[in-house]
Structure formats: C-alpha cells, structure tokens
1. Using helices alone, what [θ] at 222 nm do you get for the chain, with -39,500 (n - 2.57) per DSSP H run of 4 or more residues, divided over all residues and rounded to the nearest 500?
2. 7 Å from Cα along Cα→Cβ at both A143 and A115: what's the point-to-point distance in nm?
3. Shape call for segment 135-208 from the C-alpha gyration tensor, a ≥ b ≥ c root eigenvalues: rounded (a/c under 1.5), prolate (a/b greater than b/c) or oblate?
4. Helix 41-53: angle to the longest alpha-carbon principal axis of the chain, degrees 0 to 90, nearest 10?
5. Hand me the trypsin sites (Lys or Arg not before Pro) from segment 48-88 located in a DSSP loop with no more than 16 other Cβ atoms within 10 Å, in residue order please.
6. Relative contact order, percent, of the chain when contacts are C-alpha pairs under 8 Å separated by at least 6 residues?
7. Which label belongs to the value computed from this structure, given these candidates for Cα Rg over 2.2 N^0.38 Å: [x] 1.74; [y] 1.12; [z] 1.68?
8. Using the alpha-carbon atoms, what tilt in degrees (0 to 90, nearest 10) does helix 97-115 show relative to the longest principal axis of the chain?
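The values are calculated or read from the model by the stated rules, or taken from the named source; none is laboratory data. Note that the structure is predicted; figures quoted are calculated from it, not measured. Quick reminder, even Gly has a Cβ in these numbers, built from the backbone with ideal geometry, and neighbours come from all protein chains shown. We work out accessible area using only protein heavy atoms, side chains counted, and drop any ligands, DNA or RNA first. Shrake-Rupley method; radii C 1.70, N 1.55, O 1.52, S 1.80 Å.
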Amino acid sequence: MTYSAADRVYADVKELILTGGLAGGELISEGEIAERCAVSRTPVREAFLRLSAEGWMRLYPKRGALIVPIGDREARDVLDARVAIESHAARSVAGRPAELAQLSERLRDNLAQHADVSRSDTAEFARLDAEFHQLIVAAGGNAILSEVYVSLRERHRRMTASRLQAGAAVADTILDDHARLAEAITDPEAFTELLITHLSTVHDLPGGLR
C-alpha cells in the first residue's frame, strides 16, 4: 500500500497526540507541522481535516488547530466501559482452567517487560499498559467485546500517556496495581474491585467509578 504525504502527516500527528507529544489544549499551526514533517502545507491541511473529523483537534481559521483535551465525561465513559468489559472477561476465563493458566503466564511476561521499561519512555510504558489489559479481554473469548475494547485502545493509550506526564509515581502505581491484578485474575470479584480502584487512582478520577 502506498501512503501519501497527508497519510504520513496524519499518522505522525495522531501518534504525537496519543503519546502526549502534543498535549490537550495545545495550539499548533500548519506551518509548524509542515516544518516538523518536512512537507508542504497542503498535506498538513488534509491531515488536520481528517484529525478534526475524528475529534482529535479543533480547527480555527488563521489561528491553527487546538488539540482537544481529554474531558472528564470522556474519561469516565472510557473507564466505565473498560471495567465492564474486563470484568466480564475475568469471569469468563475463570471457568476455563487451562486458558486461565495461559493468561496468568502472559500477564507475568508482560509485567517482566514492563518493569524493564524506562519511566521516561512514556510511549512504550503506555503501550505495555494497554497490552496488559488487552490480554485479559482477549482471554475472555468474546469477539464482539474484544472489538469494542480495541476501539477504546487509542483513548486508553492517550489517557495513560497523559497521566504518566505527572511523574514516576504514576508509573510505579501502575506496575504495583498490575501485579495485584495478575494475582487476582483467578478471583473475578476481587479482580473487579482492584480494577475499579486501579483505574480510579491512576486516572485521578473525581469521585472514583462507584
């Protein structure tokens, strides 16, 4: 497949948004991105229109493009959906001992990789965070719920990358919580309680998810 200059700019700018390289509330210009990507303004304009249509940025003629911040309502909706899907997956796999054992092993492998990642590498840290939770959802065996969860992946990555900007303490909390979640995967009720606390704490959600 051949990618145009606009496709490349779109992918590059979107990745910057998802990894926190372009923060919510930041105003950027076509000229700035054109220089950064070594292209003319035409493909940048096309990429901006596409990103605007997807809700990642808001365009202001003659001023630039505003990176749309993560709103409290969006964050709560994403986390609510994640709890529902991951909890369902934990209940489903609990009744299949062989698959549960495989999941436990995969979660331990993920934790080992995660522990080796530098706290400053927020993009890779956020990717492994998303992978940890995706492993649980995939083990649930519900293709439709897995597809819905994948559709949340970009928002998940962006929210995590944004929180990691707050410092190493957030990364430490994620790793500690993941270790507890991996241990609790054999007990769906305990897993759900830990998941709710984990997501509420990491994403600093006012009032939690109760």
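1. -24000 deg cm²/dmol
2. For A143 paired with A115, the spin-label model returns 3.7 nm.
3. oblate
4. 40
5. When the trypsin sites (Lys or Arg not before Pro) of segment 48-88 are filtered for loop state and at most 16 Cβ neighbours within 10 Å, K62, R63 remain.
6. RCO, the chain: 22 percent.
7. Among [x] 1.74; [y] 1.12; [z] 1.68, the one derived from this structure is [y].
8. Approximately 50 degrees, to the nearest ten.
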